[in-house]
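What follows is a short report on a single structure.
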Amino acid sequence: MRIDIITVLPELLVSPFAHSMMKRAQERGLLEVLTHNVRDYTPYRQAQVDDYQFGGGAGMVMMPEPLAILIEKLQSERKYDEVIYMTPDGDLFNQKAANTLSLKENIIIICGHYKGIDDRIRQHYVTREISIGDYVLSGGELAAAVVVDAIGRLLPGVLNDEMSALFDSFQDGLLAPPVYTRPADFRGWVVPDILLCGDPKKIDDWRQEQSLKRTAERRPELLKGLE
Ligand code: ADE
C-alpha cells in the first residue's frame, strides 16, 4: 500500500513512521509513506501557500493552486483510490474506517493548516474527509499520522503474530479484555487464577466475558451497535 501525504510541515511526519511497526511495515515493503511539501509546488513568489480569506475574518486559508498542482501531479503518475482530507468536520475515524482503508492500494492524505484549505479543493478532488475526534489540532499532520498508523498495522504481514490484530479493542466491536504478564503475584496483587489454568477454552470464555463487561461499563453504546 502506498500513502502520499500532502503537507506544509513534512518534518512533523518523520518520527511517527520511523519506529516500531510503521518502520517494520516499510522495511518489509508492505507500506510506503511519502510526504510532499506543498511549498515545493506553489507557483507564487516566496513559496506562498496561504492567503487571507475572502469575506474577511481571522486566519489564513491554504490556496487552491499549489494543492491542485501537487494532487494532479500525483494522479498523473498512478491511480488513487481515495483523496482524504484531515479535518475536524470530517467523518469520525474508527476501527471500521481503518479496516476499509487498509484494503486500498494508493491513498493521498491532505493535511490542512491555518483555517484549512480552499473549499474548491474539497469539492473537486477530495473523496473522503476524516476527523480523529471532536477537538481542533493545529494541523492535520498528527491526525494523518494516527490514521496511517491505524491502517498500517492492519496490513497482512505487519504484525508478527498474525492473529493479534483480531483481538484489538474495537476489532469485534468490543473493548479488549484485561491482560497480565509475569510475575503472577506482584506485591500480593495476583493474576486471575483462570489465566493460569492452562485450559484454552476456559480462558477464551473468560476473555469474552471480560470484554463484554468492560464494554458494558465503559462504552455501553458500543453494545447497541452489535444487536
Ligand atoms: N485537523 C485539525 N483538527 C483535526 C481533527 N480533529 N481531525 C482531523 N484533522 C484535524
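The values are calculated or read from the model by the stated rules, or taken from the named source; none is laboratory data. Note that the structure is a prediction, hence the values are computed from the model and not measured. Note that each Cβ is placed from the backbone with ideal geometry, even for glycine, and that neighbours are counted across all protein chains shown.
Structure above, values below:
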read-out: Unmet criterion (only one of (1) outside the structural domain of Glu72 (by TED's automatic domain parsing); (2) within 23 Å of Arg24 (Cα to Cα); (3) in contact with a Leu (Cβ under 8 Å, 6 or more places away or on another chain)) for Glu141; value: (1)
read-out: Count - residues of the range 157-204 that are touching a helix residue (DSSP H, G or I) at 6+ places or on another chain (Cβ under 9 Å) and assigned to a helix (DSSP H, G or I); value: 5
read-out: Selection from the range 109-139 of residues that are within 9 Å of the ligand (Cβ to nearest atom), out of contact with any strand residue (DSSP E or B) (no Cβ under 6 Å at 6 or more places or on another chain) and among the hydrophobic types (A, V, I, L, M, F, W, C); value: Ile132, Leu137
read-out: Candidate set from the range 39-79 (those that are part of a strand (DSSP E or B) and among the charged types (D, E, K, R)); member that is surrounded by the most Cβ atoms within 10 Å (Cβ to Cβ); value: Asp50
read-out: Residues that are crowded, with 19+ Cβ neighbours inside 10 Å and either of a type in the set (Lys, Arg) or touching a residue at least 60 places away in the same chain (Cβ under 8 Å) (or both), drawn from the range 123-160; value: Gly140, Glu141, Ala144, Ala145, Val147, Val148, Ile151, Gly152, Arg153, Val158
read-out: Matching entry among Ser76, Ser102, Ser15 (being over 18 Å from the mean Cα position of the chain (by Cα) and at pLDDT 95 or above); value: Ser76
read-out: Any pair with Cβ under 7 angstrom, 6 or more apart, that starts in the range 79-96 at a residue that is within 25 Å of Gly173 (Cα to Cα) and ends at one that is crowded, with 18+ Cβ neighbours inside 10 Å and of a type in the set (D, E, K, R); value: none
read-out: Set Asp172, Asp168, Asp161: member being touching a Ser or Thr at 6+ places or on another chain (Cβ under 9 Å) and under 30 Å from Ile3 (Cβ atoms); value: Asp172
read-out: Cβ pairs under 9 Å, 6+ apart, first in the range 25-42 and free of Cβ contacts under 8 Å to residues at least 40 places away in the same chain, second of a type in the set (S, T, N, Q); value: Glu32/Gln26; Thr35/Thr7; His36/Thr7; Asn37/Thr7; Val38/Thr7; Arg39/Gln48; Thr42/Gln48
